[in-house]
Amino acid sequence: MVRNGRRYGMAGRGGRPRAGWRRVAALVALLPGMVNAQHIPTGRFDLPRTFSIFNEYCTAAMQGLEMLKPRLPVPGPAGEQVYAVSPDGNLITFQTARDEFLIIGAFRYHPNFVLRECMVQQIVGAMKPGPELVQEFLALAPRGDGITMTGGRVSEQIPPAGLMALAGMIVRDRYEYLIYGAMQPQGTVMLAGMADGNFRLNSYVAVPR
């Protein structure tokens, strides 16, 4: 900044930092100690907690909106409204979070059925899933009589379209599994997905009205 023929910046006279900037720097240095350690993202996949959150919220969502509401009261932890409703009342969505885990879903009303959806997703940045993560998932995945699981690794070529054209052809490995028979009501489909930087569990069911 130029004022009265003199140039001013982040440094004061003699090149020393201005007092205001020193205070800002001191505050920034204190921030890590002021944040609750429980809310600092780990940067690691936490499959047991993903399953735990999924079992808590998505199991309820598959039973219906009235079963979910006591578990997801409003407002959410960050003050979010949690639920949103379309003008005709036939689409109700929910979206909230628990630390680095997103909880997202919807209830879609049709004259003949209701489609219930729920997802828990952990966002961890640029980490890639590998064999160790897959083995951990397989150890945690529901098993038992009447439960079937299909799927595995797919190596995809992402075409250079739109903004992706800047990076050229991208090859990405991800893992997708479909699990059937592990949740109620009957007919509920459970999906598990692992890709760059995220792990998610989904559930869907269409229930007659």
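Show me the strands (runs of 3 or more DSSP E) entirely contained within the stretch 156-209 in which 2 or more residues are loosely packed, with under 13 Cβ neighbours inside 10 Å.
Passing ranges, in order: 170-180.
With the structure loaded, tell me whether Arg116 is under 16 Å from Asn55 (Cβ atoms) and over 21 Å from the mean Cα position of the chain (by Cα) or whether it fails that test. Lay out the reasoning, then the answer.
Numbers: under 16 Å from Asn55 (Cβ atoms): yes; over 21 Å from the mean Cα position of the chain (by Cα): no.
No: the conditions fail for Arg116.
Kindly indicate the residue of the stretch 124-155 that is at positive phi and in contact with a strand residue (DSSP E or B) (Cβ under 7 Å, 6 or more places away or on another chain) and also most open to solvent (accessible area, probe 1.4 Å) among those meeting that condition. Spell out how you get there, then give the answer.
Of the stretch 124-155, the ones at positive phi are 125, 144, 146, 151-152.
Next cut, in contact with a strand residue (DSSP E or B) (Cβ under 7 Å, 6 or more places away or on another chain) only: 151-152.
Values: Gly151: 65, Gly152: 16 Å².
Across the stretch 124-155, the extreme among qualifying residues is Gly151.
The values are calculated or read from the model by the stated rules, or taken from the named source; none is laboratory data. All of these numbers come straight from a predicted model, not from anything done at the bench. Cβ coordinates were reconstructed from backbone atoms using ideal geometry, including for glycine residues, and neighbour counts include every protein chain displayed. Each accessible area value is taken on the protein alone, full model and side chains, heavy atoms only, with ligands, DNA and RNA left out. Shrake-Rupley method; radii C 1.70, N 1.55, O 1.52, S 1.80 Å.
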